[in-house]
Amino acid sequence: MQNKAINILEGKPNITYPCEWEYRIIGENEDKIKEAVFETMPRVYQLETKNRSSKGRFISLHAKIITNSEEERNEIFTKLSKHPEIKMVI
């Protein structure tokens, strides 16, 4: 077996803005998640339904938007994370 070097990132990655960013959003009610995303996003975005849990309780959606700065990207993440209808944002 050949040894392969593993690159370890130190510090924050270098992200050039504006850039497309994707949020993976998990919750229980698809319609309420869509409403929460609509309320949160500052401009046009794409939203795609992705997966359901094996028992069908949870659903994940992926939202893509062009973010203009790290501050805006983090603000969107925080607002989505704090919404009562959203269980997790990745």
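The values are calculated or read from the model by the stated rules, or taken from the named source; none is laboratory data. Small disclaimer: the values here were computed from a predicted structure and weren't measured. In this analysis, Cβ positions are derived from the backbone assuming ideal geometry, glycine residues included, and neighbour counts consider all displayed protein chains. In case anyone asks, the SASA skips ligands and DNA or RNA and just uses the protein heavy atoms, side chains included. Shrake-Rupley method; radii C 1.70, N 1.55, O 1.52, S 1.80 Å.
Considering only residues that are touching a helix residue (DSSP H, G or I) at 6+ places or on another chain (Cβ under 9 Å), charged (D, E, K, R) and open to solvent by less than 70 Å² (accessible area, probe 1.4 Å), which ones fall in the stretch 35-90?
If the condition is that a residue be touching a helix residue (DSSP H, G or I) at 6+ places or on another chain (Cβ under 9 Å), charged (D, E, K, R) and open to solvent by less than 70 Å² (accessible area, probe 1.4 Å), then Glu85 is the only one that fits.
Looking at Ser60, Ser53, Ser81, can you tell me which residue is farther than 17 Å from Lys34 by Cα, of a type in the set (S, T, N, Q) and over 9 Å from the mean Cα position of the chain (by Cα)? Can you show your working first?
Numbers: Ser60 fails: farther than 17 Å from Lys34 by Cα; Ser81 fails: farther than 17 Å from Lys34 by Cα.
Going through Ser60, Ser53, Ser81 in turn, the sole match is Ser53.
Just give me the residues in the stretch 40-90 being in contact (Cβ under 8 Å) with a residue 40 or more places away in the chain and among the charged types (D, E, K, R), in sequence order. Explain how you work it out, then say what you get.
Start the filter on the stretch 40-90 by keeping residues that are in contact (Cβ under 8 Å) with a residue 40 or more places away in the chain, which leaves 40, 62-70, 73, 76-77, 80, 83, 85-90.
Within the stretch 40-90, Lys64, Glu70, Arg73, Glu85, Lys87 qualify.
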